[in-house]
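S.K.: My structure is below; once you've seen it, I'll send some questions.
The values are calculated or read from the model by the stated rules, or taken from the named source; none is laboratory data. What you are looking at is a predicted structure, and each value in this text was computed from that prediction instead of being measured. Don't worry about glycine lacking a Cβ; one is built from the backbone with ideal geometry, like all the others, and counts go over all protein chains shown. What goes into the accessible areas is simple: the full protein's heavy atoms, side chains included, and nothing from ligands, DNA or RNA. Shrake-Rupley method; radii C 1.70, N 1.55, O 1.52, S 1.80 Å.
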Amino acid sequence: MKRILITGMSGTGKTSVIEELSRRGFTAIDTDSDEWCEWTVGHEVGSETSEPDWVWREDRMWHLLSEPREAPLFVSGCKTNQGKFYDRFDHVVLLSALPEVMLERIKGRTNNPYGKSAEERDRILQHVRFVEPLLRHRATLELDTSALTVAEVADRLLALTTRNAQG
């Protein structure tokens, strides 16, 4: 059965759509937790940085993505080591949004403190410029969530589970 990664920058709707898919009865995992992630230093290939990095726990992700399934699996996250797992997904879906929409969503959210400070908002905008194009290059589909409801995004993701072709 289909395995779909939902990725993108903060404020694009990853958590909201994963919660909606879960509410509809699907296996939908938000990986932004201690269960699925851990702090490492210099994790990226060729990295010489000593900056901490919040990455997927690879052993847990390998196990999750190797389990046989009869129903679709939706996984959300945006981690520097997620590319190691792309071949395990049938679709890599990039959620994007206009920067002003992202920042407004982040300002109003209550389930995640990230993005409230000026430094974090600046970092998010830097990620839009430098990280998002890398994600876009590897994505099988991009959904601009700026004008879509959470239900509409969930419906489009569910449509992928009934298609044979990617994209």
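S.K.: If you go through the range 3-12 one residue at a time, do you hit one that is over 24 Å from Gln126 (Cβ atoms) and either out of contact with any His (no Cβ under 9 Å at 6 or more places or on another chain) or touching a residue at least 24 places away in the same chain (Cβ under 8 Å) (or both)?
M.R.: Of the residues in the range 3-12, the ones over 24 Å from Gln126 (Cβ atoms) are 3-4.
In the following step, the residues that additionally are either out of contact with any His (no Cβ under 9 Å at 6 or more places or on another chain) or touching a residue at least 24 places away in the same chain (Cβ under 8 Å) (or both) were identified as 3-4.
Yes; the residues of the range 3-12 include at least one that is over 24 Å from Gln126 (Cβ atoms) and either out of contact with any His (no Cβ under 9 Å at 6 or more places or on another chain) or touching a residue at least 24 places away in the same chain (Cβ under 8 Å) (or both).
S.K.: Among the helices (runs of 4 or more DSSP H) confined wholly to the range 1-117, which include 2 or more residues that are acidic (Asp, Glu), over 21 Å from Arg138 (Cα atoms) and open to solvent by 80 Å² or more (accessible area, probe 1.4 Å)?
M.R.: On the way: elements: 14-23, 58-66, 99-108.
Once the helices (runs of 4 or more DSSP H) in the range 1-117 are filtered for at least 2 residues that are acidic (Asp, Glu), over 21 Å from Arg138 (Cα atoms) and open to solvent by 80 Å² or more (accessible area, probe 1.4 Å), what remains is 99-108.
S.K.: While we're here: Would a scan of the range 119-130 turn up a residue that is in contact with an Asp or Glu (Cβ under 9 Å, 6 or more places away or on another chain), open to solvent by less than 80 Å² (accessible area, probe 1.4 Å) and either assigned to a helix (DSSP H, G or I) or over 23 Å from Lys2 (Cα atoms) (or both)?
M.R.: Here is the first cut: in the range 119-130, the ones in contact with an Asp or Glu (Cβ under 9 Å, 6 or more places away or on another chain) are none.
Within the range 119-130, not a single residue is in contact with an Asp or Glu (Cβ under 9 Å, 6 or more places away or on another chain), open to solvent by less than 80 Å² (accessible area, probe 1.4 Å) and either assigned to a helix (DSSP H, G or I) or over 23 Å from Lys2 (Cα atoms) (or both).
S.K.: Please enumerate the residues belonging to the range 131-146 that are assigned to a strand (DSSP E or B) and of a type outside the set (A, V, I, L, M, F, W, C). Lay out the reasoning, then the answer.
M.R.: As a first pass, look at the range 131-146 and keep what is assigned to a strand (DSSP E or B): 141-144.
Correct list: Glu142, Asp144.
S.K.: Still on this structure: Is it the case that the range 43-60 has a residue that's among the hydroxyl-bearing types (Ser, Thr, Tyr) and touching a helix residue (DSSP H, G or I) at 6+ places or on another chain (Cβ under 9 Å)?
M.R.: No, there is no match, as no residue in the range 43-60 is among the hydroxyl-bearing types (Ser, Thr, Tyr) and touching a helix residue (DSSP H, G or I) at 6+ places or on another chain (Cβ under 9 Å).
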